[in-house]
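Quick notes on the structure that follows.
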Amino acid sequence: MKTFTCKEIMNGEGGCDEAFEAETAMDIAKQSATHFMNSTDEAHKPMREMMTSSPSEEEQKKWWDWFNSEWDKTSEG
């Protein structure tokens with residue numbers, strides 16, 4: 001199991017201290033997506049807007065590549 005905070009998932013560009021724990025990067029992404037889409041505050045706005053703006057495949061891949069590298073660097077807790 002690995003744990004990431006909302007702030008870590010947003011790469012320090014907003015977010016909050018809520019933590020997500022899962023066995024896979026995809027499960028963390030799913031949990032956090034629900035969190036972002038249910039938020040209404042300014043701290044989550046950048047990620048919410050990115051998700052609702054129909055990001056291109058290139059933008060999605062760029063984020064996944066970044067997040068997977070962060071996943072690989074994080075030790076299981």
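Data overview
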read-out: Net charge over other residues, Cβ less than 13 angstrom from the Cβ of residue 44 (K, R count +1; D, E count -1); value: -3
read-out: Extension gain from residue 49 to residue 66, taking 0.36 nm per residue of separation minus the Cα-Cα distance; value: 4.3 nm
read-out: Full-stretch length increase - residue 40, residue 1 - with 0.36 nm per residue and alpha-carbon distance subtracted; value: 11.2 nm
read-out: For 6, 16, order by how many other beta-carbon atoms lie within 10 Å, fewest first; value: 16, 6
read-out: Note, ³J(HN,Hα) from phi for the range 59-66, Karplus 6.51, -1.76, 1.60, rounded to Hz, x at Gly and Pro; value: 5, 4, 5, 4, 5, 4, 4, 4
read-out: Table column - 3J(HN,Hα) (Hz), the range 9-25, Karplus curve with 6.51, -1.76, 1.60, x for Gly and Pro; value: 5, 8, 6, x, 9, x, x, 9, 8, 4, 10, 10, 10, 6, 7, 10, 4
read-out: Interchain or long-range residues, amide H under 5 Å from residue 16's placed H; value: 6, 7
read-out: Rg/Rg_ref, the chain, where Rg_ref = 2.2 N^0.38 Å and atoms are Cα; value: 1.04
read-out: Exposure proxy order (Cβ contacts within 10 Å, fewest to most) of 47, 1; value: 1, 47
read-out: Computed [θ] at 222 nm, deg cm²/dmol, the chain (DSSP H ≥ 4; -39,500 (n - 2.57); rounded to nearest 500); value: -17000 deg cm²/dmol
read-out: Which listed pairs, of 7/61; 7/30; 7/73; 45/73, have C-alpha distances above 18 Å, in listed order; value: 7/61; 45/73
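Computed from the coordinates by the stated procedures, all read-outs in this text should not be read as laboratory data. Quick caveat: nothing in here was measured; it's all calculated off a predicted structure. Note that we place each Cβ from the backbone using ideal geometry, even for glycine, and neighbour counts take in every protein chain shown.
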